[in-house]
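Input: a single structure, listed below in structure tokens.
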Amino acid sequence: MKKMRSRKIISFVLVLTVFLSFAAYPLAAEEELPQGTERTVTADSLIGDGRAVEISSGRSFHLLRTNTGNVWWFNKLGSLEQVEDLQNIIAIDAGSDSSLALKLDGTVWQFSFDDENQSMSQPEQVWGLNNIVQISNFNGICMALSESGELWEWDTGESYVQTLLPQEPTL
């Protein structure tokens, strides 16, 4: 657990450093600060929507979740935008191009990043999943764990969701 938490913290620091270098560059070029003065830019000041509490990175984009349950995305160009129509989010996970969001009501939402247009798609609910407590996304293979212990799997390119557990034990 400590190892995973330290990886997330390191990832957050790296992502935030990269983002802030893009976000702060135009500010530094536009106005010169008096000698001995520093400009402090935080994720919270950029999003203006509560505190940043979770981050996740895809291939060429990053997600940030706030304590207010909203999700923001930014790319290598430094643009920062809110993912529309996602509220009450308690967890996020970015894959290569697609992302998952878990709502407080236990539903799972999926959306993807268009690298060519540098835009995020409209989130869509993953139907058939209820009472979900944890999500995972790796290279387009998604998984969700329900409150009752059911483990669900789907591919972001497919239109079906299948249960993996519980299943009959094999001898």
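The values are calculated or read from the model by the stated rules, or taken from the named source; none is laboratory data. Remember, predicted model here, so these are calculated numbers, not experimental data. In this analysis, Cβ positions are derived from the backbone assuming ideal geometry, glycine residues included, and neighbour counts consider all displayed protein chains.
Values computed for the structure shown
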{"quantity": "Near pairs, Cβ below 9 angstrom, 6+ apart or cross-chain, from segment 126-151 (under 15 Å from Gln162 (Cα atoms)) to any residue that is part of a strand (DSSP E or B) and among the basic types (Lys, Arg)", "calculated": "Ile132/Lys103"}
{"quantity": "Residues of segment 120-162 that turn out to be among the acidic types (Asp, Glu) and over 22 Å from Ser56 (Cα atoms), as a count", "calculated": "3"}
{"quantity": "Among residues of segment 123-171, those that are of a type in the set (Ser, Thr, Tyr), in contact with a strand residue (DSSP E or B) (Cβ under 7 Å, 6 or more places away or on another chain) and modelled with pLDDT under 70, counted", "calculated": "1"}
{"quantity": "Residues of segment 92-133 satisfying the condition of being over 21 Å from Asn75 (Cα atoms), among the aliphatic types (A, V, I, L, M) and assigned to a strand (DSSP E or B)", "calculated": "Leu102, Val108, Ile132, Val133"}
{"quantity": "Number of positions in segment 84-109 that are modelled with pLDDT of 90 or more, surrounded by 15 or more Cβ atoms within 10 Å (Cβ to Cβ) and within 17 Å of Glu54 (Cβ to Cβ)", "calculated": "14"}
{"quantity": "Failed item in (1) more than 15 Å from the chain's Cα centre (by Cα); (2) part of a strand (DSSP E or B); (3) surrounded by fewer than 17 Cβ atoms within 10 Å (Cβ to Cβ), with Ser136 passing the rest", "calculated": "(1)"}
